[in-house]
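In what follows, a structure is listed as structure tokens, so that the remarks can point back to it.
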Amino acid sequence: MHWRAALPAIVMVLAPLGPSVPAYAVVGVPGLNGCPPYGDLHICSGEIASWDGSPLDVDLTLPQRSTGDRHPLIVMLHGFANNKHEWESISDQGDIDDVDSMHDKWHWNNHWFAEHGFYVLTYTARGFLDQGKTRDDEPNTPPGAPFGSYTGLGTPGTVHLKSRDYEIKDTEWLAAMVAAAYPDLDPNEVAVSGGSYGGGESWTLASQATWHSAHDQNPGLPVLQLQVAVPHYPWTDLAYSLAPNGHKGPFDETIYSSSQGSPTTDLGEENPVGVVKYSYATGFFVEGIANGFFETTPENLPAWYADAVVAGDPYDGGSPNTDRDNFMRDLRHGLTELRGAFYQDETWAPQVGNREVAIFSISGWTDELFPPVEAFRQCSYLKALDPLWPVELAVGDVGHPLAQNPPSQWHHLNDRAWGFLKQQINGSHRKETTVSSMPTICGTEAGEPTQRLTGRTPEALSNGMLTVNYSTAGTLVNRIPPSFPAVDPRDPDNLGTDPAFGSALLHLPDCRPSIAPAVIPTDRYTGYSAPLTMPRIYVGLGFTRVSYTLTGANTATLNARVWDVAPDGTALLMTRGAYRIEGNATPAAYDPLPSGTVDVPLFGNQWTIATGHRIRLDLTQVDYPTFLASNSLGAVLTFPNAQLVLPTREATEMTIAGA
């Protein structure tokens, strides 16, 4: 499984071009070893020292002949533990013939952009190794040397997790080096795109309309103007994406902007630390150890994993200035202000009244790593700064697992992204934009693009509401989960619905059916709605409301799973969510104790619930290995009933009973 995420760019210096290079490419950047042909492409490869001397493995694809006298630049950023080859292909079709790929490279790769006159910069991000091509359609450009064998290029770089102080500067430095070397490259026409990790960096780079860090360090390098960013399945708040707390965003008090803090905070302290996505966090850490080298100074990334993911809660409530308190302060700051686009208010705000970077962001309803709220919160913030900010969002059944990634959806999404980029690359400009959505259809992709819904905002995708009132009382007890990969006899859907381990190791299908026993487990709350008397299109986020009493601890996790149950009893997972009930007093009292009411926000979906189908709601304190269980063993959550609220496309308010 590819844990798609991308670390930004590299400083690249290109070698003099050989006779096989197109005639218009008359200058090179010292350091790349020629630009041989790969099919109808010419790609320059080599290892280049970045702004701090870290050697980076670079490919530069030259624009094809007869594509004009001036050429834009696009930087394409790979995923976590991947390499420079990820967005490379020898055809416009990209990875469409590879059954194990996401199919998102169709008309979105170095061949496509070179064919349309772009210089295309791809590279292996600092801290990672390049093991060479991984797909048949990738050009077999030479990989960089393994760590320890570099000579004369400085100390090998380490993984900083998309820090604005390292990887962001890498990308800007490298882009400036290329622009300085090629006089036919227009420094005012720059675009950036990437998936997952690269998507997160694309958003952060978009907060800087003018790239001047390389020029500031070396006045001989040009200042570049970023016009367009196209993030694929990205994050904007790394803290919330890896550990959703479920609390409403302090920015506008809605679940559509749920975050670790407001955009203006530098510390990320306004909401409690969330519920860690254990299987994904562990998978990333293992892949990082296997394929790269983590930073340990000044920020100790392995310690972040050990002290937050392995050690678990409590995170807040300790004495001020203790080692634990200082650690959590650094962690909050590191995963928000230093690594989240949402917190770059110092560079977003100055774009208003000047030139605003145009953004086309693609997210997945069924992506349980970086769900759509990551783009929703950022869009809401930018539209609050300027209602005509050129930011457009598209959501579908794409991205990380549990997404099916149907080719038809990616064809449609990439066509729209390409049209958007062409409109904005010559100079980004304000415009009215939309949020569009395509459905999740298990086992088929028939008619998906024709079922696209649009709205002016994420909330406007829906016009009505479907409410289920489950009348049964519940009691949830926190208990020790089994060790992976054992199936939990008390709730086998825990492992059966896990997106990371379930997909990468167990090869479970993307559309997950319930494997729960006929008898409902005693420490899981399960309610069924009455059958629907007419179909409803669930589109948007939605939430579960619970009025609780908590005893035995002052913190607890509340996890929700929502299922579509057919008349024959088959249950398919529609969405899920998590919330941390946190009553500790540092830095603030987040939730009332011993009792209160919480709304658990869901990841969301576009899903048609057919007539005669029922909606099942599961509530647990333990949903392992997807979420890290709390250390507050013995915590007891009791509630008299539960309510599920799903936004619908239909402009009606429907309420049905549940038991």
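Structural remarks
Condition check ((1) without any contact (Cβ under 8 Å) to a residue 24 or more places away in the chain; (2) more than 26 Å from the chain's Cα centre (by Cα)) across all residues:
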position: Ile425; (1), (2): no, no
position: Arg430; (1), (2): no, no
position: Thr467; (1), (2): no, yes
position: Ser483; (1), (2): yes, yes
position: Asp491; (1), (2): no, yes
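- Listed here are the strands (runs of 3 or more DSSP E) enclosed by region 533-584 that have at least 1 residues being small (Gly, Ala, Ser) and surrounded by 23 or more Cβ atoms within 10 Å (Cβ to Cβ): 536-540, 555-565, 571-582.
- Verdict on Ser89 being among the hydroxyl-bearing types (Ser, Thr, Tyr), surrounded by fewer than 24 Cβ atoms within 10 Å (Cβ to Cβ) and part of a loop (DSSP other than H, G, I, E, B): no
Conditions (1) touching a strand residue (DSSP E or B) at 6+ places or on another chain (Cβ under 8 Å); (2) open to solvent by 30 Å² or more (accessible area, probe 1.4 Å); (3) closer than 26 Å to Gly79 by Cβ; (4) at pLDDT 95 or above, marked per residue:
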| site | (1), (2), (3), (4) |
| --- | --- |
| Val395 | yes, no, yes, yes |
| Asn414 | no, no, yes, yes |
| Leu421 | yes, no, yes, yes |
| Asn426 | yes, yes, no, yes |
| Arg430 | no, yes, no, yes |
| Met438 | yes, no, yes, yes |
| Asn463 | yes, yes, no, yes |
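- In region 30-74, the residues that are of a type in the set (S, T, N, Q), assigned to a strand (DSSP E or B) and more than 24 Å from Ala229 (Cβ to Cβ): Ser45
- Residue pairs whose Cβ atoms lie under 7 Å apart, sitting 6 or more positions apart in sequence or on different chains, and linking a residue in region 341-355 that is within 19 Å of Pro387 (Cβ to Cβ) to a partner that is open to solvent by 10 Å² or more (accessible area, probe 1.4 Å) and among the β-branched types (Val, Ile, Thr), are Asp345/Thr264.
- Some residue of region 244-251 being open to solvent by less than 10 Å² (accessible area, probe 1.4 Å) and among the aromatic types (Phe, Trp, Tyr): no
- Checked against (1) acidic (Asp, Glu); (2) surrounded by 20 or more Cβ atoms within 10 Å (Cβ to Cβ); (3) out of contact with any Pro (no Cβ under 7 Å at 6 or more places or on another chain), Glu459 meets all criteria but (2).
- Pick from region 630-656, criterion farther than 20 Å from Arg561 by Cβ and either of a type in the set (A, V, I, L, M, F, W, C) or free of Cβ contacts under 8 Å to residues at least 12 places away in the same chain (or both), ranking: surrounded by the fewest Cβ atoms within 10 Å (Cβ to Cβ): Ala651
- Single residue of Thr366, Thr322, Thr336, Thr347 found to be under 15 Å from Asp237 (Cβ atoms) and either polar (S, T, N, Q) or open to solvent by 10 Å² or more (accessible area, probe 1.4 Å) (or both): Thr336
- Of all residues in region 478-509 being outside any helix (DSSP H, G or I) and of a type in the set (A, V, I, L, M), the one that is farthest from Cys442 (Cα to Cα): Ile480
The values are calculated or read from the model by the stated rules, or taken from the named source; none is laboratory data. Everything numeric here is computed off the predicted structure, so don't read it as measured data. Reconstructed Cβ throughout: ideal geometry from the backbone, glycine too, with neighbour counts over all protein chains shown. Each accessible area value is taken on the protein alone, full model and side chains, heavy atoms only, with ligands, DNA and RNA left out. Shrake-Rupley method; radii C 1.70, N 1.55, O 1.52, S 1.80 Å.
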